[in-house]
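Peer 1: If you scroll down you'll find the structure; I have some questions about it.
The values are calculated or read from the model by the stated rules, or taken from the named source; none is laboratory data. Remember, it's a predicted structure, so these values are computed and weren't measured experimentally. When we count neighbours, we look across all protein chains shown, and the Cβ atoms used for this are built from the backbone with ideal geometry, even at glycine. Protein only, heavy atoms only, side chains kept; ligands, DNA and RNA dropped before computing areas. Shrake-Rupley method; radii C 1.70, N 1.55, O 1.52, S 1.80 Å.
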Amino acid sequence: MAFVHLRAHTEFSVVDGTLRIDDLVAAARQDGQPALAITDLANLFGAVKFYKACRGKGVQPLIGADLWMQPEAGEKNPSRLLVLVQDSRGYHNLCELLAQAWTANVQRAQAWVKWEWFDTYGDGLIVLSGAEHGAVGQALLAGDATRAAAIAARIAAQFPDRFYLELQRAGLPGQEALVRATVPLAAQLQLPVVATHPMQFLTPDDFEAHEARVCIAEGETLGNAKRVKRFTRDQHFKTQAEMAALFADVPSALANSVQIARRCALTLVLGK
């Protein structure tokens, strides 16, 4: 076991995913992956279907979500944070966080989670920094290492021994520079790093269909040459061997993906 996928936007992400759960789980099973995560954008709509599909294929299901975080003082835009459920308490806490965001804090058609909510609903959750979409990554890309360190230290204090700095190499602009900035920051703060791959579709051939879905969600057209393109053809399901080759220079980031999977042990009681 070399790597576990901890990040995937399925068709239940609606705006930016076309992964079908049964196909994703089958691909993980075929590659011999013992665990797999679903982390749709600001929802758990696919969690039960995913849980049942994984259990049926002998794959450990990891449940999580990609959260929109409310901007703090001095920030104009929301950041993102990836959370994974460790146990039943964490599952209920994540449900509560999303429920509060959707019922009490919808901004720009997005459900924003407030940082202080974690003081009450942070137990049972493992947190990943969100790579370039996270507050730490945004500060590093802006060249503000001091602010990045302060944000990372604060989140680590909120989630003791449950916060990981995320590394990605999916061909998006700035990702390699961010990896080079994140690794020294992790060493400075004695925080672990973890490799993730932002999956949005199953195979490279699915990229065009995915882009069409994004355009529908954003009111754009595929033919618009000026359209902002936020995804690459590389954001498909990758095998353990492919991920191991991609992060051969940071073996701890691969090992930590497996460690996180081992730290998660959620059992759902269905049918009640």
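Peer 1: Of the residues that sit in the range 123-147 and are surrounded by fewer than 18 Cβ atoms within 10 Å (Cβ to Cβ) and in contact (Cβ under 8 Å) with a residue 24 or more places away in the chain, which one is nearest to Leu191 (Cα to Cα)?
Peer 2: Among those residues, the one meeting the criterion is Ala145.
Peer 1: Taking the conditions exactly as written (closer than 18 Å to Arg230 by Cα, touching a Phe, Trp or Tyr at 6+ places or on another chain (Cβ under 9 Å) and either outside any loop (DSSP other than H, G, I, E, B) or of a type outside the set (D, E, K, R) (or both)), does Leu67 satisfy them or not?
Peer 2: Criteria met by Leu67.
Peer 1: Turning to a different aspect of this structure: Name the residue, out of His210, His197, that is in a loop (DSSP other than H, G, I, E, B), surrounded by 20 or more Cβ atoms within 10 Å (Cβ to Cβ) and not aromatic (Phe, Trp, Tyr).
Peer 2: Of the residues listed, the single one that is in a loop (DSSP other than H, G, I, E, B), surrounded by 20 or more Cβ atoms within 10 Å (Cβ to Cβ) and not aromatic (Phe, Trp, Tyr) is His197.
Peer 1: Being of a type in the set (S, T, N, Q), in a helix (DSSP H, G or I) and farther than 29 Å from Met69 by Cα is the filter here; which residues of the range 8-58 pass it?
Peer 2: Answer for the range 8-58, where residues must be of a type in the set (S, T, N, Q), in a helix (DSSP H, G or I) and farther than 29 Å from Met69 by Cα: just Gln30.
Peer 1: Identify all residues within the range 235-262 that are assigned to a helix (DSSP H, G or I), touching a residue at least 40 places away in the same chain (Cβ under 8 Å) and either open to solvent by less than 30 Å² (accessible area, probe 1.4 Å) or of a type in the set (A, V, I, L, M, F, W, C) (or both); write none if there are none.
Peer 2: Answer for the range 235-262, where residues must be assigned to a helix (DSSP H, G or I), touching a residue at least 40 places away in the same chain (Cβ under 8 Å) and either open to solvent by less than 30 Å² (accessible area, probe 1.4 Å) or of a type in the set (A, V, I, L, M, F, W, C) (or both): Gln240, Ala241, Met243, Ala244, Leu246, Ala253, Leu254, Asn256, Ser257, Val258, Ile260, Ala261.
Residue-wise test of (1) crowded, with 19+ Cβ neighbours inside 10 Å; (2) in contact (Cβ under 8 Å) with a residue 12 or more places away in the chain; (3) assigned to a loop (DSSP other than H, G, I, E, B).
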residue: Ala149; (1), (2), (3): no, yes, no
residue: Ile155; (1), (2), (3): yes, yes, no
residue: Asp161; (1), (2), (3): no, no, yes
residue: Glu166; (1), (2), (3): yes, yes, no
residue: Gly171; (1), (2), (3): no, yes, yes
residue: Ala177; (1), (2), (3): no, yes, no
residue: Thr182; (1), (2), (3): yes, yes, no
residue: Gln188; (1), (2), (3): no, yes, no
